[in-house]
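Each remark here refers to the structure printed beneath this line.
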């Protein structure tokens, strides 16, 4: 598996580098000013804070008081782990659960539920944008040359997955709870993990059912953040001398986000190939595409390392022991959600 990923990354990078001129890449990056780097970094840190506000609000809906600054640091830490490990931008969520438990006495099931809901809402917004972006790809007539029909169908299925999960939870379809009921006597590690996931699933379903308006508002809020991300991406293109219009910006950004769905750390190789291809298709040249990628890599790696360092310091700096916080009684699961009464 590891050798396969290394071979995939190497192949993608080799293919990408064949379409760029390194002198042009260097000249594009050299033309940037320090204030442009600082502005892009500040904008991305602001976007992280906006995403953290969603998670902070979900914790408050569950009755937990965690400072906003703490959620920003924790989210940066989770981003660092997810960015540097294989997988489609997942991997740091477990650390967030541990940080909530160690520093704020939030039960594992409640912390898992808040993170699961935050990730689900994020996926709903992200995949809504990607679906919209795919329409622009079709509109620009790129589908026949870059995205084949056989690739488009799995993409549509993947983009639909978060909406299907949301519909299942809101309808009381709880597969983890059903499985936990079957394994209720299992002392194995897997059985304990399934029971923990089932508790988080129950809390997530209850949150959707009893706070549906707030959850929908958070989804719309997340779509609003995407407007800021589009603006930040357009500004990055502009700093590199790429005068892209809205359609071109959306097309290139969609290609970028699709690259992060690959099971590669930080989309390594896939991101480079996607942006070089996208800018070639738009007529700006592959060298500018690689310049764009290197600029983003520098920014993301700095944020990831900063998150891991701050998260590690927070992890080691234990707060005084406290009694485990109870969740709001208003969010206790509906009786109809209990596995014994709702047999799937």
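Bear in mind these aren't lab numbers, they're just calculated from the coordinates by the rules spelled out. What you see is a predicted model, and the numbers here were worked out from it, not measured in a lab. A quick note on method: Cβ atoms are made from the backbone with ideal geometry, for glycine too, and the neighbour counts reach across all protein chains shown.
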Exercise for review: Among 33, 315, 104, rank each residue by its count of other Cβ atoms within 10 Å, from fewest to most, as a rough exposure measure.
Suggested key: 33, 315, 104
Check your understanding: Taking one equal scatterer on every alpha-carbon of segment 26-127, how large is log10 of I(q)/I(0) by Debye at q = 0.18, 0.20 1/Å?
Key -> -0.87, -1.02
Review point. Could you give the distance between the Cα centres of segment 248-288 and segment 1-45, to the whole Å?
Key: 10
Study note, to complete from the structure: Taking R0 as 41 Å and r as the Cβ-Cβ distance between residue 22 and residue 161, the FRET efficiency 1/(1 + (r/R0)^6), rounded to the nearest 0.05, comes to 0.55
Practice item. Quickly work out the residue 38-to-residue 313 label distance, labels modelled 7 Å from Cα along the C-beta direction, and quote it in nm with one decimal. Key: 2.1
Check your understanding: What percent of all Cα-Cα pairs in segment 238-285 falls in each 10 Å bin, counting up from 0?
Key -> 29, 51, 20, 0
Check your understanding: With a 10 Å Cβ neighbour count serving as the proxy for reagent exposure, in which order, fewest first, do 45, 282 appear?
Key -> 45, 282
Point to revise | Extended-chain gain in nm, criterion 0.36 nm per residue less alpha-carbon gap, residue 31 and residue 247 | key: 75.2 nm
Check your understanding: What is the distance, in nm, between label points placed 7 Å from the Cα along the Cα-to-Cβ direction at residue 68 and at residue 3?
Key -> 5.2
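Kindly put 222, 247 in sequence by how many other C-beta atoms sit within 10 Å of each C-beta, fewest to most.
By the 10 Å Cβ count, ascending, the order reads 247, 222.
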Study note, to complete from the structure: P(r) over all Cα-Cα pairs of segment 66-118, 5 Å bins from 0 to the longest distance, whole percent per bin, short to long, reads 5, 22, 30, 27, 12, 4, 0
